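As structure tokens, the structure follows; a few thoughts come after it.
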Amino acid sequence: MIPAVSTHPVTLFSPGPDWVAADGLTPYPDAVATMEAEVAAIRAGTTRERVWLVEHPPTYTGGTSATGDGLLDPRFPAYRTGRGGQWTYHGPGQRTAYVMLDLDQPHGGVPKRDIRAYVHGLEDWLIAALDLLGVKGERREGRVGIWVADRARGNEAKIAAIGVRVTRWVTWHGVALNVDPDLAHFGGIVPCGISEHGVTSLHHQGVPATLEDADGALMAAWPKIFG
């Protein structure tokens with residue numbers, strides 16, 4: 001059974017990282033400031049590792065590879081950020097999980113100080129969580145994120161995005177899983193620099209999951225990958 005995670009601000013202690021679910025919509029600049037403080041504290045050894053579950057107001061963020069022509073229509077606030085990747089949308093109905101781990105230590109099957117293995121682990125984590133929700137997620141060579149067969153369009157579409165940053169071997173930023181966002185909002189960008197494929201969500205795939213359902217699946221899948 002998938003454990004429930006409250007959407008109120010609460011810390012759930014476990015042998016792994018603390019799981020913290022934010023209440024309401026968190027402005028993106030506030031999230032970045034919070035992550036910066038948490039990363040510094042983890043590096044200093046004054047706080048535990050953390051998975052922070054957040055929902056943002058409509059926002060576009062550009063990673064280190066984002067170009068100006070990828071922002072087609074800045075109808076929402078747009079921020080440049082130090083994470084990897086290109087343009088991404090965040091908004092209501094999407095679960096963003098900010099993952100703050102100390103890569104000076106191994107985590108399950110992910111060896112220490114191996115960023116490639118860490119990103120691979122995030123992919124495996126999303127795939128395992130989607131499996132618990134009844135959706136088959138897959139990697140695609142040369143494309144970032146997790147992809148599914150789009151039943152509505154008869155092709156394939158991205159259901160989850162990944163963008164990470166590592167500072168002194170502590171990770172931040174993380175993943176974004178589309179539960180039930182307004183998919184039209186993705187039209188203001190070229191999502192992750194890929195224009196030939198669409199974007200989808202759990203609801204669009206016929207899975208009427210809530211954010212709490214997504215949180216529970218992410219939590220249940222975590223030890224399968226990160227120990």
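3J(HN,Hα) along region 216-227, derived from phi through the Karplus expression 6.51 cos²θ - 1.76 cosθ + 1.60 where θ = phi - 60°, amounts to x, 5, 4, 5, 5, 7, 3, x, 5, 10, 9, x Hz, with x in place of Gly and Pro.
Result for the chain in a Gaussian network model with C-alpha springs under 10 Å: among Gly145, Gly216, Gly108, the largest mean-square fluctuation is at Gly108.
Give the residue from Ile189, Gly85, Leu218 lying farthest towards the positive end of the charge dipole for region 10-226; charges sit on Cβ (+1 for Lys and Arg, -1 for Asp and Glu) and the dipole is referred to the Cα centre. Farthest along the dipole direction, towards plus: Gly85.
Rg and Dmax over the alpha-carbon atoms of the chain stand at 16.2, 50 Å. For Asp150, the residues whose modelled amide H falls within less than 5 Å of its own, excluding neighbours fewer than 5 places apart on the same chain, are Asn155, Glu156, Ala157.
Near Thr64, the amide H atoms lying under 5 Å from its own belong to Arg83, Gly84, Gly85; only residues 5 or more places off or on other chains count, and H is placed 1.01 Å from N. Given the options Asp69, Asp114, Asp150, which has the most mean-square fluctuation in a GNM of the chain, springs set between C-alpha atoms less than 10 angstrom apart? Maximum among the listed residues: Asp69. Charge dipole of the chain (Cα centre as origin; +1 on each Lys and Arg Cβ, -1 on each Asp and Glu Cβ, all else neutral): 520 debye, rounded to the nearest 20. Looking at region 52-152, which GluC sites (Glu not before Pro) are in a loop (DSSP not H, G, I, E or B) and have at most 16 other Cβ atoms within 10 Å? Here the sparse-neighbourhood loop sites are Glu141.
With an 8 Å cut-off on Cα pairs and a minimum separation of 6 or more residues, tell me the relative contact order of the chain in percent. Don't skip to the answer; put the middle values down first.
Details: 495 pairs, mean separation 54.0, N = 227.
Contact order relative to length: 24 percent.
Here the Karplus curve 6.51 cos²θ - 1.76 cosθ + 1.60, taken at θ = phi - 60°, turns the phi angles of region 134-144 into couplings of x, 10, 8, x, 9, 7, 9, 4, x, 10, 8 Hz, with x standing for Gly and Pro. 3J(HN,Hα) along region 65-78, derived from phi through the Karplus expression 6.51 cos²θ - 1.76 cosθ + 1.60 where θ = phi - 60°, amounts to 9, 6, 10, x, 6, x, 9, 7, 8, x, 6, 10, x, 10 Hz, with x in place of Gly and Pro.
A short reminder: the numbers here are calculations on the coordinates, not readings from a lab. Quick caveat: nothing in here was measured; it's all calculated off a predicted structure. All Cβ positions, glycine included, derive from the backbone under ideal geometry; neighbour counts span all protein chains shown.
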